[in-house]
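Notes follow once the structure below has been shown.
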Amino acid sequence: MIWTNDPTRLMLVAGMGAAYALVCLAPYLRTRRKRLAAARAKAEAAAADAGWIVAYASQTGNAEELAQQTAATLKLAGIPAQLSELSDFSAEDLQRAERVLFLVSTYGEGDAPDAAAAFAGRLMTTSLPLPQLHYAVLALGDSAYAQFCGFGRALDQWLQAQGAQSLFPRVEVNRSSEASIAQWRQQLSHLAGTSDAPDWSAPAFDEWRLSERVQLNAGSAGEPIYHLELEPANGVLPSWQSGDLVQVAAPSDPSRAREYSIASIPADGRVHLLVRLHTHGDGSHGVASGWLTQQAALGASVQLRLRQHKRFRLDGNDERPLILIGNGSGIAGLRGHLKARALAGQGRNWLLFGERNAAYDYHYRAELDGWQRDGMLEKLDMVFSRDQAERRYVQDRLAEQADAVRAWVAQGAAIYICGSLDGMAAGVDTALAAALDREVLDDLAATGRYRRDVY
């Protein structure tokens, strides 16, 4: 060890140490401020007799947005209302509460959203007498899944089993059905004693132009996947953050918008999408994927709107190391994060990604190689399932890297997952739980350090 008594060098070393300490401390302070603010709001609400609590559990932001509109409607009627994440509830909070409106989504086949997993495991597996509680449940889901609105139904049944009294029958919403949301609004108006509610309608679609379309995996055994680029027709590029989504209304089914992860950042000048062409058993194509990749001509008008995906943004994790995990078209959301990190000069990024064959399915390879070369991608693990006799998937590589995962998380890393729900998401979750412990993983989810965008 070389030591020096040179005051200038000592000051330089001290300054560098202080700067590094501030970088490490900043994310912790942001999280601590958020928790203190939530605790303060809860205490103030209790002291003022909040009247109603509007609790939400959201995966992509829909339940949170509806919860905000619900709270705004109550406040407009002069009824005090506290907005709270379900994950913030303790057993004591529930036993004190008298009036709660629950707005919850379902993740995959009946599971709680990531941020509510700890609540479900901690409270919904126990007996908790709630005879004083009057409540209602708005359950969001997708009927394409067997366990439609599974978490909302489970929450409703658990509350009833604890003696809580339902104000009106559970309202179930399939794919953001406007009729079901109107039913919730009607019940809410009865509770609030007002029909003068804020506008709940979704933002209008804007006109965009399809500027570029390139198939990335010609010759692949998998379904074709296309890189698309779109520009606003009015020439004014809106703002968004990495992790956000777009909703596209196909001409043949404008009432049901399809969502896609944005694979670019505003600095790119265009919205980039990665769209896989879906082919049904009868040979027909998916409504939106078929139109975007096969039918729409370059220059065609596309009805599109941006949607914030707060649960998958880098908020609070901007300066942390990142572990990015995904497969297939999930590289889109992860590419957006890598672009944002590279622009910010944050190089502590580890990408684990799976596809079929390296020869055909190595999406954005030149870009990934460039980030590695420039020090913006510290660690890269690509897994190609069909390049060897034994099928290997990204979760297998993750299990082999358990020691490295623990080391990165100990250094403050956040984990982001993007890709298919079937197979990959569950396998990765199991591998992470084995490496870190399920309780640790649930805590990471509750504090925003484990985020998923899976479909």
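Laid out as a table, the results:
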{"item": "Length-normalised contact order of the chain in % [C-alpha pairs under 8 Å, at least 6 apart]", "result": "12 percent"}
{"item": "The range 49-192: Cα Rg divided by the 2.2 N^0.38 Å rule of thumb", "result": "0.95"}
{"item": "Candidate values (1) 143, 62, 36; (2) 72, 63, 48; (3) 67, 54, 40, label of the one derived for Cα extents along the principal axes in Å", "result": "(2)"}
{"item": "Protection proxy ranking of 115-122, 332-339, 382-389 - average other beta-carbon atoms within 10 Å, highest first", "result": "332-339, 115-122, 382-389"}
{"item": "Estimated FRET transfer efficiency when R0 is 56 angstrom, pair residue 132-residue 206 (beta carbons, to 0.05)", "result": "0.75"}
{"item": "Global form of the range 159-271, assessed from the alpha-carbon gyration tensor, a/c cut-off 1.5", "result": "prolate"}
{"item": "Candidates per GluC sites (Glu not before Pro) in the range 342-422, loop by DSSP, up to 13 other Cβ within 10 Å", "result": "390"}
{"item": "Whole-percent pair-distance distribution, where bins are 10 Å wide, for the alpha carbons of the range 216-297", "result": "16, 46, 31, 6, 0"}
{"item": "Simple spin-label estimate for residue 366 and residue 387 in nanometres, 7 Å along Cα-Cβ", "result": "1.9 nm"}
{"item": "Sequence-separation-based contact order of the range 311-454, relative, with Cα cut under 8 Å and 6+ spacing, percent", "result": "31 percent"}
{"item": "Cα extents of the range 315-364 along the three principal axes, largest first (Å)", "result": "34, 16, 15"}
{"item": "Additional length obtainable on full extension of the chain from residue 318 to residue 90, 0.36 nm per residue less Cα span", "result": "79.2 nm"}
{"item": "Cut-off under 5 Å, modelled amide H: who pairs with residue 83 long-range", "result": "54"}
{"item": "Cut-off under 5 Å, modelled amide H: who pairs with residue 452 long-range", "result": "417"}
{"item": "Gain upon complete extension [residue 161, residue 223; 0.36 nm per residue less C-alpha separation]", "result": "17.7 nm"}
{"item": "Shape call, the range 307-455: gyration tensor on alpha carbons, a/c limit 1.5", "result": "rounded"}
{"item": "Residue 352 long-range amide H proximity, modeled H, under 5 Å", "result": "324, 325, 326, 381"}
{"item": "Added length on full extension, which subtracts the Cα-Cα distance from 0.36 nm per residue, residue 142 to residue 295", "result": "52.4 nm"}
{"item": "Pair residue 374, residue 237: separation of 7 Å Cα→Cβ label points (nm)", "result": "1.5 nm"}
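Each value in this text was obtained by applying a stated rule to the coordinates, not by laboratory testing. Note that this is a predicted model, so its numbers are computed, not measured. Here the Cβ is made from the backbone with ideal geometry for all residues, glycine too, and neighbour counts use every protein chain on show.
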